[in-house]
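Here's the structure we're looking at; comments come further down.
The values are calculated or read from the model by the stated rules, or taken from the named source; none is laboratory data. Source: prediction; values computed, not measured. Note that we place each Cβ from the backbone using ideal geometry, even for glycine, and neighbour counts take in every protein chain shown. Only protein heavy atoms, including side chains, enter the accessible area calculation; ligands, DNA and RNA are left aside. Shrake-Rupley method; radii C 1.70, N 1.55, O 1.52, S 1.80 Å.
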Amino acid sequence: MHRCPNIDILSHHRVKKLVAEISGVVSVLDDMCINSCTAFVGPFADAAECPVCQEPRYKVQKSGKKVPRQHACTILLGPQLQALRRSPESAVALTYCD
């Protein structure tokens, strides 16, 4: 940026957003126990504490806002496979076991 200030270099956020737009592959953030016991999805989606270790799900800030203590990042398999099949070359490469 110091050497070529006229070049627009993308930030990390803009790169992630552009990759998601082009490929359709996005990450999904789910709340999870601070001790990695369980993710708060499915039957535990409304739980306020971990069913295994009873650790609280949220830390409460001074403003009263509940903030999850930990997240689990998942990149879904379906959109990844769809992105791989978009180009003819990669679609042929996926059939190497045939």
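Screening Cys53, Cys97 for residues that are over 19 Å from Leu29 (Cβ atoms) and open to solvent by 50 Å² or more (accessible area, probe 1.4 Å) leaves exactly one candidate, Cys97. In this structure, is Asp8 touching a Phe, Trp or Tyr at 6+ places or on another chain (Cβ under 9 Å) and either open to solvent by 100 Å² or more (accessible area, probe 1.4 Å) or of a type in the set (D, E, K, R) (or both)? So Asp8 does not fit the description; no. When you scan the stretch 75-96, do you find a residue that is of a type outside the set (Gly, Ala, Ser) and part of a strand (DSSP E or B), even just one? Yes: one or more hits. Annotation note: Cβ proximity below 7 Å between a residue of the stretch 55-80 that is touching a residue at least 40 places away in the same chain (Cβ under 8 Å) and a residue that is hydroxyl-bearing (Ser, Thr, Tyr) (sequence gap 6+ or interchain) occurs for Cys73/Ser27; Thr74/Ser27; Ile75/Ser27.
Among the residues of the stretch 38-74, those identified as outside any strand (DSSP E or B) and of a type in the set (Gly, Ala, Ser) are Gly42, Ala45, Ala47, Ala48, Ser63, Gly64. Pairs are defined by a Cβ separation below 8 Å, a sequence spacing of at least 6 or placement on different chains, a first member in the stretch 22-46 that is under 19 Å from Leu84 (Cα atoms), and a second member that is open to solvent by 60 Å² or more (accessible area, probe 1.4 Å) and part of a helix (DSSP H, G or I); the pairs so defined are Gly24/Gln82; Val25/Val19; Val25/Gln80.
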